[in-house]
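Structure, as structure tokens:
The values are calculated or read from the model by the stated rules, or taken from the named source; none is laboratory data. Remember, predicted model here, so these are calculated numbers, not experimental data. Note that each Cβ is placed from the backbone with ideal geometry, even for glycine, and that neighbours are counted across all protein chains shown.
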Amino acid sequence: MPMVSILCELAGALLLAAGNERGSRALLRRPVPPAPRRLARLTGFALLGTALWGLIRDEGNLLFALTTWTLSCGWALLAAALACTLRDSAPARPHAPGRARARQNATDTVP
Amino acid sequence: MKPTFRTAMTWLHDWTGILTGWVLLAIVLSGTLSVFRPEITVWMHPELAGRTADPVQASVAAIDWLHTHAPHSPAWYLTAAGPRAPFTWAVWQQSDGQFVQRALDPSSGAPNTIRDTLGGEFFYRFHFELQLPYPFGRLLAAIAALALVLALVTGIVAHRRFFTDFFTFRPRKGQRSWLDAHNLLGVTVLPFHLIIAFSGAVTLATLLLPWGILAAYPGAPARFGDDLSPAMSARPAAGTPGTLAPVEPILRDAARHFGPDGIAQIYVYNPADAASTIIAIGGNGTHVGFNTHVLRFDGTTGRLLADYREHRPLISASAALYGLHVARFAPLPTRWLYFICGLLLAAVIASGLRLRTLRRRRQGKSTEAVERLNAGMIAGTPIAFAGYFLANRLLPAALPDRAGHEVQAVFIVWGLMLVLAIALPSARSWRVLSGLAIPALAGVAAFSAPWLTGVEQGTAAVAILLAAGFAYALSRRPPPSSRAN
Amino acid sequence: MRMGMILRVAVAIVGGYAVAALAGIALSRCLPWSRAENVTAGMLAGLLLWPAMVMTGFALRTLLHVCAAITGIAALLAALALLGGWRP
């Protein structure tokens, strides 16, 4: 599996995290407006696509490449989520996380 | 009655999870280890470490040995040696009808130069037979696979918010963190979870849903197998004795047909009969589909009788699903991804089980009994599996029925862990079992000495990482006296 | 309430299996391809239908709805199988 594809997937996953409302707040420590988040998301998807293209070229077999891509993308997304967690929880957060999180806590508890 | 679609699906998700979670955990963990089936077999045969074998020469040696030692077995089933496996895996029947399975030495073809162990075969068999008699184990595994599909699909509905929110995991928040972990591990490799669960059911579909076969082939359901894989079926025995043609040219011919796919398996039917048949099955070097290229040879003359390649779209699709499940095609990096994703699926199941008891406890219901069983299964299964590896090194090499004793060791350890977990209060049993897992896994890493080959290094690394995981869990869990609830 | 849930579980699981089995039979008798392909298609469809039917069993509002839906689908598949020449 080529290094370039792995790096593409990791970068793509980080950009997807940056394109997510809570992910971006965790990574950049401040709220990010929707337009740049959208751009980050699109670039992220493009990078994941590039990684798939690289894998197809490298493996020469569509199904092989798709399998490897699906599994390794999951892994990259997990790494991105962990990066968000580490950034989010490293030092004490300066202020309360705001309305979105309060809403989150209200709706996402398991019924 | 439950008012909305989402609450109904959540209810279904919870109950499917709690009823099948423990058996699924055992299936998933043993399946994850089966990803490295030949590697585990090599680890368990230290005599084979560092050796290499030519698939054709090793198979010829194996067939020569079987020819003198098991001539009257109705069939010899060989899994050929290859780059991952410097041995031939052979299954045959003794004169008393008992099936024997052994690794055969690649140069002598004999089993007695190497120790008697099932190696990775144990995990592979346990993964879909659960050590239960046929067909109950397989049926249970098939139903568990479909229950996993159901739990995943209903889980998507129940935890639907995770698609927008999975990028932050909130640690140290009790139930909240368990929910986050459950969602995060579930959603990041959701395609893997879904495919592995559904394709697992596909591998056992003929057993679970035979009704289509019975309807399409009235009175002769075995014909379905002939139609499914036309070159795979042997001709009936003639009843007169015959001699097997020299197998080396036959296998060389087969290897030429398979090219980069390589020979995966060789079946010799009625080897002492005038109508003997040799069937060679191509490997998965260049494609995902499982058993899609099969050759049939006349065993007495060596003539090629059939060369079948699967091209029918639907059957190719089903073979590809099968192939995705067993992952024989996977190159080493993909194989590790399969392994890691399997561990993640086990973690999803374990966190789901934990989440449920946490929630019920918060609702003021007693969860003690379930929590004890959770500890016994979630921490006890890895200990029992580590016990298999340890038994492999601790039992004397010349012990009669050594392979059987190794398997017994797994269930003895498993039983002890469950008894221990049930006997202790749950908060203590988690600590005690996590504490026992660490030396067991460290033992596996130590017995991987001298850590020279990839197999030894990989086994030691996985064991150490898992031990570190248990050590972390132990350090994070406050002692029972200071626990809030 | 409790009884209703038990009945619902039973109808969803047993009825769902019946639908999956009948789908296998109907498809293996009615599809236009070779026998082995039809049977394979039927089995794959059955594996998808069983969990789907269990979900349906819990998604519908009343037990009566569930029974009606599952019986209806099963009857449809059985009719298809009988038209295809299947005799139980």
**Prompt:** Which residue out of C:Ala59, C:Ala74, C:Ala18, C:Ala10 is more than 10 Å from chain B (Cβ to nearest Cβ) and under 22 Å from B:Leu19 (Cα atoms)?
**Reply:** C:Ala10
**Message:** For the range A:79-92, which positions are under 19 Å from B:Pro191 (Cα atoms) and surrounded by fewer than 21 Cβ atoms within 10 Å (Cβ to Cβ)?
**Reply:** A:Ala79
**Message:** The conditions are (1) touching a strand residue (DSSP E or B) at 6+ places or on another chain (Cβ under 7 Å); (2) in a helix (DSSP H, G or I); (3) within 14 Å of chain C (Cβ to nearest Cβ), and B:Ala255 fails exactly one of them. Which is it?
**Reply:** (3)
**Request:** Please go through the range B:266-299 and pick out each residue that is hydroxyl-bearing (Ser, Thr, Tyr), more than 14 Å from B:Pro230 (Cβ to Cβ) and modelled with pLDDT under 95.
**Result:** B:Thr286
**Fill in**
The residue that is farthest from the other protein chains (Cβ to nearest Cβ), considering only those in the range B:204-223 that are surrounded by fewer than 21 Cβ atoms within 10 Å (Cβ to Cβ) and part of a helix (DSSP H, G or I), is B:Ala222
**Prompt:** Is at least one residue of the range B:260-280 under 26 Å from the mean Cα position of the chain (by Cα), farther than 30 Å from A:Leu62 by Cα and not in a strand (DSSP E or B)?
**Reply:** no
**Request:** Return the total of residues in the range B:92-125 being polar (S, T, N, Q) and in contact with a helix residue (DSSP H, G or I) (Cβ under 9 Å, 6 or more places away or on another chain).
**Result:** 5
**Request:** Just name the residue that is farthest from the chain's Cα centre (by Cα) out of those in the range B:405-436 that are under 21 Å from B:Phe126 (Cα atoms) and of a type in the set (Gly, Ala, Ser).
**Result:** B:Gly415
**Request:** Report whether or not B:Leu337 is free of Cβ contacts under 8 Å to residues at least 24 places away in the same chain and more than 10 Å from chain A (Cβ to nearest Cβ).
**Result:** no
**Request:** Among residues belonging to the range C:9-20 that are surrounded by 21 or more Cβ atoms within 10 Å (Cβ to Cβ) and not hydrophobic (A, V, I, L, M, F, W, C), point out the one that is farthest from B:Ser199 (Cα to Cα).
**Result:** C:Gly15
**Message:** If I ask for residues that are touching a Phe, Trp or Tyr at 6+ places or on another chain (Cβ under 6 Å), hydroxyl-bearing (Ser, Thr, Tyr) and part of a loop (DSSP other than H, G, I, E, B), which ones from the range B:49-88 would you list?
**Reply:** B:Ser73
**Fill in**
Flagged in the range A:44-54 as crowded, with 16+ Cβ neighbours inside 10 Å and either without any contact (Cβ under 8 Å) to a residue 12 or more places away in the chain or within 16 Å of A:Gly19 (Cβ to Cβ) (or both), in numbering order, are A:Gly44, A:Leu47, A:Leu48
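Report yes if some residue within the range B:176-192 is facing chain C (nearest Cβ under 9 Å), surrounded by fewer than 24 Cβ atoms within 10 Å (Cβ to Cβ), touching a residue at least 40 places away in the same chain (Cβ under 8 Å) and not small (Gly, Ala, Ser); otherwise report no.
no
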**Request:** Take B:Ile196 and decide whether it is surrounded by 22 or more Cβ atoms within 10 Å (Cβ to Cβ) and either more than 28 Å from B:Val326 (Cα to Cα) or outside the structural domain of B:Leu355 (by TED's automatic domain parsing) (or both).
**Result:** no
**Message:** Filter the range C:21-48 down to the residues that are more than 7 Å from every other protein chain (Cβ to nearest Cβ) and crowded, with 23+ Cβ neighbours inside 10 Å and list them by number.
**Reply:** C:Leu22, C:Ala23, C:Ala26
**Message:** Which of the numbered conditions does B:Leu344 fail, given that it passes all the others? Conditions: (1) under 19 Å from B:Trp43 (Cβ atoms); (2) at pLDDT 90 or above.
**Reply:** (1)
**Request:** Could you tell me which of the residues B:Leu344, B:Leu314 is away from chain A (no Cβ under 12 Å) and at negative phi?
**Result:** B:Leu314
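Residue-wise test of (1) touching a Lys or Arg at 6+ places or on another chain (Cβ under 7 Å); (2) assigned by TED's automatic domain parsing to the domain that holds B:Glu371; (3) among the β-branched types (Val, Ile, Thr); (4) touching a residue at least 40 places away in the same chain (Cβ under 8 Å).
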residue	(1), (2), (3), (4)
B:His13	no, yes, no, yes
B:Gly21	no, yes, no, yes
B:Val35	yes, no, yes, yes
B:Val56	yes, no, yes, yes
B:Asp64	no, no, no, yes
B:Ser73	no, no, no, yes
**Prompt:** Inside the range A:55-68, can you point out the residues that are touching a residue at least 40 places away in the same chain (Cβ under 8 Å) and surrounded by 20 or more Cβ atoms within 10 Å (Cβ to Cβ)?
**Reply:** A:Leu55, A:Thr68
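Filter the range B:232-269 down to residues that are aliphatic (A, V, I, L, M) and surrounded by fewer than 18 Cβ atoms within 10 Å (Cβ to Cβ) and give me whichever is farthest from B:His72 (Cα to Cα).
By that ranking, first place goes to B:Met232.
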**Prompt:** Take the residues of the range B:357-367 that are more than 9 Å from every other protein chain (Cβ to nearest Cβ) and assigned to a helix (DSSP H, G or I): which is surrounded by the most Cβ atoms within 10 Å (Cβ to Cβ)?
**Reply:** B:Thr357
**Message:** For a quick check of your reading: which helices (runs of 4 or more DSSP H) sit entirely within the range A:1-80 and have at least 1 residues that are out of contact with any strand residue (DSSP E or B) (no Cβ under 8 Å at 6 or more places or on another chain) and closer than 23 Å to B:Ala320 by Cβ?
**Reply:** A:3-19, A:34-59
